[in-house]
Amino acid sequence: MTLPKFDYAEPKSLRQASALLRQQRGKAMLIAGGTDLLQALKNRLKTPALLVDLKNIPRLDHISYSEKTGLQIGAMVSLRQLANSAVIKEKYPMLVEAALAVGTAQLQAMGTVGGNLCQDSLCQFRDRSPMARLMLEPCLKLGGHVCHAVSGSNKCWANYSGDLAPALLALHARVTIADSTEKKKIPLSKLYSDDGKRPTRLRAGQILTVIHVPPPAPHSGSAYLKLRLRKTIDYALLGVALYLSMEDGDAVCKDIALALTGVGKAPFLVKEAEQLKGKQVGDAEIAQVAEAAFKQAHPLSNIGGLTPAYRKEMVRVYVRKAFGVALESAGQDA
Amino acid sequence: MPTEQLDIVGTSSIRVDARDKVMGKAIYIDDIQVPGMLHGKVLRSRYPHARIVRIDTSRAEKLPGVLGVVTGADVPFIHGESLLDEPFLARDKVRYTGEGVAVVAAVDVATAEHALELIRVEYKELPAVFDPVEATEPGAPLIHENVGTYTRAASNIKPIPGTNICNHFQLKTGDVEKGFAESDYIFEDTFTTPMQAHCCIETHGAIALVDDETNITVWANNDSPHRARKEIASAFKVPMTKVRVIIAPYVGGNFGGKGGLKAEAVALAIAWKVRNRPIKIMYTREEEFCSTIGRHPSVVRMKTGVKQDGTFVARAVKIYLATGAYAEKGPTVSTFAGISGAGPYRIPNLSIDSYCVYTNRQLAGAFRGYGGPQTAWAYESQMDIIAHKLGLDPVELRLRQVYVDGDRHANGQILKSEGLRDCLVQVAESMEWNSKPLGKNQGRGVALMERAIKTPFGSAAFVKVNEDGTVDVLSSTTEVGQGSATIVCQIVAEELGVPMASVRKAAPDTAFTPYDASTTSSRSTFHMGNAVKMAAADAKQQLLALASKLLKASPDDLTITQGKVHVKAMPERALPISKVLSENYGASGTVLGRGYYYPEMPEGESNYFSRYMVFWLLGAQGAEVEVNRETGEVKILKIYAAHDAGKAINPMTCLDQIRGGVTLGAGFALSENLMFKGGTVLNPSFLSYPVPSALDAPEIEPMAVEYAHPDGPYGAKGIGETTNVPTPPAIANAIYNAVGIRIKDLPITPDKVLAALKRKDER
């Protein structure tokens, strides 16, 4: 399909951008790279009257770091820019792994960090052309009344599959949300709604502008592991991000966060991992956390070619592997 | 074969299409603009099986920018290569989700897309059937009520009236029941394969123009212009002189998918109604996945009786190929699946039944291997099951059973030029089958393949020598990426004695380039190779005759080297070809050589997809894999691939064919699966359909075995369609060798492997 007709604006300030979004009362959308959005437009899954492009807003494509405040990533930083940043490579290797796990090199060049975090959730019964959609009853996400992924469900179960979200969740990231009057910082986990129809809680006029990541602790390690059929292109059928730091000189866990993607309506933190704080990290502890993660994962047959049972089973395996990698990078014997 | 001194044939001459493609200058169908051209878009069925109650196109017709809308009622014509069963647009009923129902012609694509939304179609759903075995059972919904009365291309296509079976191929030798009774062991297994999509980089496209006097011109990326012309002329009941098919200079991939009428059919439907305007239809990627063709999903039941010592006594094979809503090439695919259904092995008692079955899904047709991948998956997997049970080495068992020259094939033909044993030996040697140690959870496996070749079909060529000594080759073989233009030019340059740079192959155009059956079936190097070789030899003889007076020597004492006619014994007594022509013809002058190759056939053989084969496609592969017991992932360590090329005209192109084919086979083995919900394709995009990326391509050691064929040009045979066929069973056999699990249903995804490992541990 060709692109539909829409108006297009390139505001020079956040204030202007937010005002444009509000004036259109829900009929305007942000574009921040467009790798997720343009296909949805071509397929008429979204039909905004106006696209508000953030690319001319100053400083949104900046990366800055200080030992004290940590990392600030502008929402318009491209995934390639993020992966090429010397300071991110040094301090947050997991972010580089996650960025390079997104789509293809071309998509990494165009896609942005903000766009990636705010990407729509996926469902193979919905993400189709208008003509191919006619072949199935309209689903909940399309404004219909059925769910093809979970028959009889009155909730939409579209799958969130972003790669950066779990990595940033595990790194305790916060995000700045701006509108025309104020800016507020919220934990990244609060961005997500757990609603398949609208995976983020952003309201009309709200813009995610900056991502803040605290400085990494000494003796910290991390891992982002992604399950997919091919070595490129594919969305995550499961993504596991683990960050941990250890006490100086012994094997006691000081801080830990584990996040999953690709196995539910939103990326999520596995809270049970925090119980490892102050404890030695042994096989039994890891198995306990893996089991908790396993229980929280709800993969469905709405994306990909692998069975949901397998993807759920892989949660245990990938969490275990992630511990191995993270402990090793934290200077511990895995 | 007499040893000839060859200068150009047998060298890896740089591909003649390389420069255009690398520099972005290659012209494809979508680059072609015809003055006054309109754009067409197709409205497609949303049901797998439904009666069309009414279609209201009035609102679409009124949309500014729309020049016309056509529905099936406006084009009461039927086409089909093997069985005339397919309307240009659905009439009365739709038989698959994605079938064309109406076409809009508009000034641009966006207007045409918009107009589609204004068409209202009222359907009444009918019961549908999707599984090929279920579709053969009594009481299954009938997809074509009149299959028994359809016009057939030849009498060897055998539909069963009153069923969904559009071809039943049978091959019996010996007494299979007696054979089973005499066997020490009986093996019975069922193997399945899903639909695989061709995934050409370029989607189907066509521009059709029909004028007031029903002169029909089609520009297309079709693989076979003359076949398309005949199909169009017969369908529209016009003489062939009124139909002209022009192939774009370059076609972006084929693999069998660009044959028949696809975008051509819908473009012709709208052009039939909206006259005197060329109308272009380019398929979207989604249409490519849902509304063209794929590889036949299959169910193969294989029963084999063997003696304790491994001697094969009897084999019964039942093959079910789901051809989708229309026969397309299904009947001939099922014939070829049947002919080689028992594998390339000496088995005295055979019973093969191959059924081509209609289902309410996207069509299946020609796809690299043509029934071979489905049957090789079965017979080569079972070969290892048997070897393991009897405690025999899989290579040793195959070496004992494999056909060699002089054997009688299951089809009755005495085999010659059968290089398959050599292929297996080369594979076993290069992978150090008996000696190389492998690591934990690693394993090795081999598989062979045999495939029939479209026989007997002809190829013609003209070789036109120009005033300046350059040469145009007029041949209807299409360059679809396989390298045929290079092969053709190399043969002409060699035969005529001119440099490669002087030879250029014209793009096919039925108005100018002579008949060729098709660019399919790995037949071009052999058939068109012979035709251009004859045409070049003919041109050469004419040139020598013309030069004879000038050089004061008999033509028999002359030859041509590097574009110069000279006395054989005295290279300095020479004249450039341009001089020979100008001395004879003044300022102008040309020489036209002709060649036509049509294989000699034994008496009584069918002249349409006969059982007798002019040559066989043969190859062997070995796989080394490592299985991750924790995740079920299979890592291909290396594929060893030896394929019988007869003679590699261009060794590099040959090896590249193998590399590409193995990657296609690896995708079929490990990931590719066009998934359906009822009749609806669930993964119609490169994002959701996991065709391997460059990063997923395995390490490959390609080998071209040169087991010369007496009738091939310089001994050459085809190779393209051998290359993907043995890969999946070789991988499956290696997986079994690594971890002891046997997967019988493709693709071998990690979830299946892990589940099988668990089942094995529980036993």
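Derivation of every value follows stated rules applied to the coordinates shown; laboratory data play no part. Bear in mind the structure is a predicted one, so any value in this text is a computation, not a measurement. Here the Cβ is made from the backbone with ideal geometry for all residues, glycine too, and neighbour counts use every protein chain on show.
In chain A, the DSSP beta bridges split such that about 85 percent are antiparallel, to the nearest 5. For region B:457-597, a simple Cβ point-charge model (Lys and Arg +1, Asp and Glu -1, everything else neutral) yields a dipole of about 220 debye relative to the Cα centre. Length available on full extension from B:K464 to B:A708: 0.36 nm per residue minus the Cα-Cα distance, which gives 84.9 nm. For peptide A:132-141, the mean count of partner chain Cβ atoms within 10 Å of a residue's Cβ comes to 4.
If you take the square roots of the eigenvalues of the alpha-carbon gyration tensor of region B:457-597 and sort them as a ≥ b ≥ c, do you get rounded (a/c under 1.5), prolate (a/b over b/c) or oblate? Write down the numbers at each step before the final one.
Details: a/c = 2.31, a/b = 2.01, b/c = 1.15.
Cα axes put region B:457-597 in the prolate bin.
For chain A, what is the relative contact order in percent, using Cα pairs closer than 8 Å and at least 6 residues apart in sequence? Working shown, then result.
On the way: 766 pairs, mean separation 53.5, N = 334.
Reported relative contact order: 16 percent.
Remark: relative contact order (chain B) = 15 percent; criterion is Cα-Cα distance under 8 angstrom and separation of 6 or more residues. What does DSSP give for region B:457-597 in terms of the percent of beta bridges that are antiparallel, rounded to the nearest 5? In region B:457-597, DSSP labels about 90 percent of beta bridges as antiparallel.
Loop-resident GluC sites (Glu not before Pro) (DSSP state other than H, G, I, E or B) in region B:174-242 with no more than 15 further Cβ atoms inside 10 Å of their Cβ: B:E182, B:E213. Counted without the sites themselves, the longest stretch of chain A free of GluC sites (Glu not before Pro) in a DSSP loop having at most 11 other beta carbon atoms within 10 Å is A:183-334.
Projected label points at A:K12 and B:I14, each 7 Å from Cα along the beta carbon direction, are separated by 5.2 nanometres.
Think of region A:228-289 as having a plus end and a minus end, set by charges on the Cβ of Lys, Arg, Asp and Glu; of A:Q275, A:A259, A:S245, A:A259 sits farthest toward the positive end of this dipole.
With both labels modelled 7 Å from their Cα along Cα-to-Cβ, the B:K638 to B:R346 distance reads 3.2 nm.
FRET efficiency for the B:L550 to B:M652 pair, using the beta carbon distance and R₀ = 30 Å, is estimated at 0.20.
Pairs of alpha-carbon atoms within less than 8 angstrom and 6+ residues apart define the contacts here; what relative contact order does region B:344-484 have, in percent?
On the way: 91 pairs, mean separation 30.5, N = 141.
Averaging sequence separation for qualifying contacts and normalising by length gives 22 percent for region B:344-484.
For the peptide B:104-116, the mean number of other protein chain Cβ atoms found within 10 angstrom of a residue's Cβ is 2. Scanning chain B for DSSP H helices at least 30 Å long along the axis (C-alpha atoms) with a Kyte-Doolittle mean no lower than 0.0 picks out B:529-551.
Reducing region B:619-639 and region A:249-297 to their Cα centroids gives an inter-centroid distance of 33 Å. Modelled spin labels at B:E429 and B:T151, positioned 7 Å past Cα toward Cβ, are 5.4 nm from each other.
Helical content of chain B, expressed as a calculated mean residue ellipticity at 222 nm, amounts to -8000 deg cm²/dmol (DSSP H runs of 4 or more residues, -39,500 (n - 2.57) each, divided by residue number, nearest 500).
Which residues does a label at B:N276 reach in region B:208-227, if reach means a backbone N under 19 Å from a point 7 Å past the Cα toward the Cβ? Of the residues in region B:208-227, B:208-218 have backbone N under 19 Å from the label point off B:N276.
List B:D30, A:D179 from most exposed to least, where exposure is judged by having the fewest other Cβ atoms within 10 Å. Mind showing how you got there, number by number?
Working: B:D30 15, A:D179 20.
Final ranking by Cβ density, sparse to dense: B:D30, A:D179.
Classify chain B: rounded, prolate or oblate, from the alpha-carbon gyration tensor (a ≥ b ≥ c, eigenvalue square roots; a/c under 1.5 rounded; otherwise prolate if a/b is larger than b/c)? Because a/c hits 1.5 or more and a/b fails to exceed b/c, chain B counts as oblate. If R0 is 56 Å, the Cβ-Cβ spacing of B:K579 and B:N215 corresponds to a FRET efficiency of close to 0.85.
Entry note, chain A: the mean residue ellipticity at 222 nm calculated from DSSP H runs of n ≥ 4, each adding -39500 (n - 2.57), is -8000 deg cm²/dmol after division by the residues and rounding to the nearest 500. Please work out the Cα center distance from region B:387-417 to region B:135-178, rounded to the nearest Å. After rounding, the separation between the Cα centres reads 30 Å. For region B:1-154, what class follows from the C-alpha gyration tensor (a ≥ b ≥ c being the square roots of its eigenvalues): rounded when a/c is under 1.5, otherwise prolate if a/b is larger than b/c, else oblate? Oblate, since a/c reaches 1.5 and b/c is not below a/b. Rounded to the nearest 5, the antiparallel percentage of DSSP beta bridges internal to chain B is 80%. Between A:D248 and A:K68, take the C-beta separation as r, use R0 = 25 Å, and let me know the FRET efficiency to the nearest 0.05. For A:D248 and A:K68, the calculated efficiency is 0.80.
Distance between the C-alpha centres of region B:426-443 and region B:333-363: 32 Å, rounded to the whole angstrom.
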